[in-house]
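These notes concern the structure reproduced below.
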Amino acid sequence: MIDRRRILKYFLIGVGAALSPLSVQMARHQPVWALSGRRVVEKKTPMSKLMHANPARLDTSNLETTPMEKFDVMGETTLQIDLEEWRLEVDGDVREPYRFRLAELMDRPRLERNVLLICPGFFAYNGWWTGFSVADLLREAGCSGTATHVLFTGSQGFRKKKMRYGIDEVRNDKVFAAYRVNNQELPRRHGFPLRLVADDHKGTRWLKYLNRITVETR
């Protein structure tokens, strides 16, 4: 008598073996964005095709650095800073508040990264930003273990602009401070002497002329 269960078992094993290489092949050809949740931006993609995109949904690891002459700008561009008077203040829920000169910040370990800046509907460019880790700065200042947010403040002429980020984004260096771009001193129109770079955020969440970092527990 034929054992139907045994025949069915061998049949299913055979089908599985036949499909296994096909499954592997399909996985190999699956788009990277489908696996990572981000759309891969191909090399030499025109910036004009990115200015409506959400940077948090893009993988820009293949994207070239945009030349400085192709950088555009919005907001305050003419603010003049006296470096003799200028300081970056670190305060709030920290053990020891600090005030840093630019030269002291530039002596810190460097953090360098290509980060895409998108000003929705206006422009996009991929800059090579050089600066330092805000997370390390806060650690040295004795950032509270219960801190939840970091408030960044920058001068904008006669007013101030503020941006608040969750502590995790700061600790992961998704948000950092830059004093150079494309291997040259940060131009005045782009926020000299210090600019907040916010990876995965649109340009409206970036901050020029950074001069205060405040740790908050909310």
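The values are calculated or read from the model by the stated rules, or taken from the named source; none is laboratory data. Since the structure is predicted, the reported quantities are computational estimates derived from the model, not experimental observations. Glycine also receives a Cβ, built like all others from the backbone with ideal geometry; neighbour counts cover every protein chain displayed.
How many of the residues in segment 191-218 are crowded, with 24+ Cβ neighbours inside 10 Å, in contact with a Lys or Arg (Cβ under 7 Å, 6 or more places away or on another chain) and farther than 16 Å from Val170 by Cα? Selection size over segment 191-218: 1. The residue that is farthest from the chain's Cα centre (by Cα), counting only those in segment 107-139 that are closer than 17 Å to Arg212 by Cα, free of Cβ contacts under 8 Å to residues at least 60 places away in the same chain and surrounded by 14 or more Cβ atoms within 10 Å (Cβ to Cβ), is Asp136.
Taken together, Thr146, Thr153, Thr130 contain a single residue that is assigned to a loop (DSSP other than H, G, I, E, B) and modelled with pLDDT of 95 or more, which is Thr146. Of the residues examined, Asn183 is one that is among the polar types (S, T, N, Q), modelled with pLDDT of 95 or more, touching a strand residue (DSSP E or B) at 6+ places or on another chain (Cβ under 8 Å) and under 21 Å from Leu111 (Cα atoms). Restricting attention to segment 74-97, which residues are at pLDDT 95 or above and either within 20 Å of Arg164 (Cα to Cα) or of a type outside the set (Asp, Glu) (or both)? Scanning segment 74-97 gives Leu83, Trp86, Arg87, Leu88, Glu89, Val90, Asp91, Gly92, Asp93, Val94, Arg95, Pro97.
Pairing residues of segment 206-218 that are assigned by TED's automatic domain parsing to the domain that holds Ala141 and within 17 Å of Leu105 (Cα to Cα) with residues that are among the acidic types (Asp, Glu) and surrounded by 17 or more Cβ atoms within 10 Å (Cβ to Cβ), at Cβ distances under 8 Å and at least 6 apart in sequence or on separate chains, gives Lys208/Glu76; Tyr209/Glu76.
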